[in-house]
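First the structure, in the form of structure tokens, and then the observations on it.
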Amino acid sequence: VELTSGEVLLLRQAAEEDWGKVQPAVFGSLFQSSMDQKERHAHGAHFTSEADIQKVVLPTIVRPFRKRLEDADTLKDLISLRDSIQHFRVLDPACGSGNFLYVAFRELSRISLDITAKVWTNFGADAAKKIGFGSPVRPQQFYGIDHTPFAAELAKVTLALAKEFSVLEGRERF
């Protein structure tokens with residue numbers, strides 16, 4: 001593909017931007033705006049806000065894991081909880097841009113960082129080093145289905161950002 005000089009200039013400008021400030025929710029708007037109203041209706045494409053996503057994520061993922069974290073008193077309990085998070089799977093059967101998957105990833109990563117913090121506080125730095133300071137949550141734990149190829153690719157990008165933001169949050173914290 002040959003680019004015009006204007007397109008090359010736009011790409012250079014885009015490459016110089018601070019993409020760390022981009023919130024993945026913008027991809028939902030991008031996905032939805034890539035279709036006209038008739039096409040959105042035909043595909044059932046609708047951007048779901050984080051507030052609506054939290055109505056599902058909080059009671060099904062966050063609260064149960066937070067309760068287990070609160071109740072965990074031994075190092076063995078905390079390691080078991082971390083292992084449970086590492087093997088937890090999330091499915092979004094109509095993933096669109098992947099915003100639901102992003103929020104679930106972020107919340108699980110934060111809980112896993114809280115586990116490490118509790119291990120550090122209650123059992124010391126050596127115990128925390130043994131379990132690791134990074135989140136054990138990986139994009140491979142998250143599954144999305146969408147019949148639109150563009151949406152599937154967008155969801156992959158959104159999950160890649162979720163992973164990167166998780167790494168950055170872990171570095172800032174520890």
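The values are calculated or read from the model by the stated rules, or taken from the named source; none is laboratory data. Predicted, not measured: the structure shown is a model, and the values here were computed from it. No Cβ is skipped: glycine too gets one built from the backbone with ideal geometry, and neighbour counts run over all protein chains shown. Surface areas here come from the heavy atoms of the whole protein model, side chains and all, with no ligands, DNA or RNA. Shrake-Rupley method; radii C 1.70, N 1.55, O 1.52, S 1.80 Å.
For the stretch 86-128, which positions are more than 21 Å from Val57 (Cβ to Cβ) and open to solvent by 40 Å² or more (accessible area, probe 1.4 Å)?
Within the stretch 86-128, Lys118, Trp120, Thr121, Asn122, Phe123, Asp126 qualify.
What are the residues in the stretch 129-153 that are free of Cβ contacts under 8 Å to residues at least 24 places away in the same chain and either surrounded by 16 or more Cβ atoms within 10 Å (Cβ to Cβ) or in contact with a Ser or Thr (Cβ under 9 Å, 6 or more places away or on another chain) (or both), if any?
Step one: list which residues in the stretch 129-153 are free of Cβ contacts under 8 Å to residues at least 24 places away in the same chain, which gives 129-130, 132, 140, 149, 153.
Result: Gly132, single match.
Which residue is modelled with the lowest pLDDT, if the candidates are limited to the stretch 20-52 and must be over 19 Å from Asp92 (Cα atoms) and surrounded by 15 or more Cβ atoms within 10 Å (Cβ to Cβ)?
Ranking the candidates gives Met35 first.
Taking the conditions exactly as written (surrounded by fewer than 17 Cβ atoms within 10 Å (Cβ to Cβ) and not in a helix (DSSP H, G or I)), does Asp73 satisfy them or not? Working first, answer last.
Details: surrounded by fewer than 17 Cβ atoms within 10 Å (Cβ to Cβ): yes; not in a helix (DSSP H, G or I): yes.
So Asp73 fits the description; yes.
In the stretch 53-66, how many are farther than 16 Å from Arg89 by Cα and either open to solvent by less than 70 Å² (accessible area, probe 1.4 Å) or in contact with a Pro (Cβ under 7 Å, 6 or more places away or on another chain) (or both)?
Adding up the residues that qualify gives 2.
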